[in-house]
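Input: a single structure, listed below in structure tokens.
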Amino acid sequence: MSSRDRADEQDQADADAHTQRLASASLAANDPAGRFEPLYAAARLGAAVVPWDRGEPHRLLVQWVQARAPKADGRRALVVGCGLGDDAEYVFRLGFETVAFDVADSAVYAARQRFPASRVDYLSADLLSPPHSWRHAFDLVVEILTVQSLPRTVRQRATANVGLQVAAGGTLVVVASALADHDDPRHGPPWPLTRAEIEAFASDGLEPVSVEDVHTVDRPGAGRWLAEFRRPQSGNSPQGVH
Ligand SMILES: C[S@@+](CC[C@H](N)C(=O)[O-])C[C@H]1O[C@@H](n2cnc3c(N)ncnc32)[C@H](O)[C@@H]1O
């Protein structure tokens, strides 16, 4: 298995014994994102591995960029649940003025340590209550594996809050695991998205551009959603970052 395939498996393998224990504890404490800080803090001490650490941008984000060639020109991008920062750095290199946030302070710390010369603005923030000033403020919003990492009890709110940050004329790209027909939707983390759940990003005026189930044919059981949404320019037709 190549390192890329392994990283892909890791997307799904968010459910190893350690993360399962942290997940149970945070759910019991009614703190849906509470499992992440202890994981990143343990990883910093070498006592845990961050399962989704790919050391490179997600290949479906790269695929989307290569296909769509988004125009950056100093426009603003937001990377949701940025983890260790590889996607944020990639988006910055495309030419976007980039803000990247994570609920785990230790993830933000690790991203800053990893890219000490970075011009990405790494911040601690919670997708479930994002700063009001971000609303409709970003020309490109990138969401990779964050919504699926939160339990279904907060899915609607998490999904809506991702879309709310997209500016008029802006674009949202989402990468998520797809719930297979035989999967139990209650089992997690992660909690992969159904087609209805990926399509639900088209709210608050966002319009779907494409919703692809990328791997179902060549890798049964390892389906990924790669989806793009766009907010029309106020008063006329959608333009996005293209
Ligand atoms: C499965 S990881 C994916 C990380 C990164 N997007 C990637 O693909 O490598 C989910 C990330 O979302 C972050 N996260 C979870 N809940 C969050 C929330 N409510 N607000 C912001 N970040 C959150 C976690 O700390 C973690 O870094």
Provide a single number: the residues in the range 92-103 that are assigned to a loop (DSSP other than H, G, I, E, B) and either in contact (Cβ under 8 Å) with a residue 24 or more places away in the chain or among the charged types (D, E, K, R) (or both). 3
Which residues, taken from the range 104-147, are open to solvent by less than 70 Å² (accessible area, probe 1.4 Å), over 28 Å from Gln233 (Cβ atoms), outside any helix (DSSP H, G or I) and more than 8 Å from the ligand (Cβ to nearest atom)? Phe115, Ser118, Tyr122, Ser124
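What's the total number of residues in the range 148-158 that are within 12 Å of the ligand (Cβ to nearest atom) and polar (S, T, N, Q)?
Applying the first criterion (within 12 Å of the ligand (Cβ to nearest atom)) to the range 148-158 yields 148-151, 154-155, 157-158.
The next check asks that each one be polar (S, T, N, Q); those that pass are 148-149.
Residues meeting the conditions: 2.
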Enumerate the pairs (first residue in the range 126-149 and on the phi > 0 side of the Ramachandran plot; second residue anywhere and near the ligand (Cβ under 6 Å from one of its atoms) and in a loop (DSSP other than H, G, I, E, B)) with beta-carbon separation below 9 Å, excluding pairs fewer than 6 apart on the same chain, so at least 6 apart or on different chains. Leu145/Trp52; Leu145/His58; Leu145/Gly81; Leu145/Gly83
Which numbered condition Thr153 misses (of (1) among the polar types (S, T, N, Q); (2) open to solvent by 30 Å² or more (accessible area, probe 1.4 Å); (3) modelled with pLDDT of 95 or more): (3)
For the range 30-84, give me the residue count where each residue is in a loop (DSSP other than H, G, I, E, B), open to solvent by less than 30 Å² (accessible area, probe 1.4 Å) and among the aromatic types (Phe, Trp, Tyr). 0
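The values are calculated or read from the model by the stated rules, or taken from the named source; none is laboratory data. Computed from a predicted model, the values in this text were never measured in an experiment. Virtual Cβ from ideal backbone geometry, glycine too; neighbours counted across all protein chains shown. Note: areas computed on protein heavy atoms with side chains; ligands, DNA, RNA excluded. Shrake-Rupley method; radii C 1.70, N 1.55, O 1.52, S 1.80 Å.
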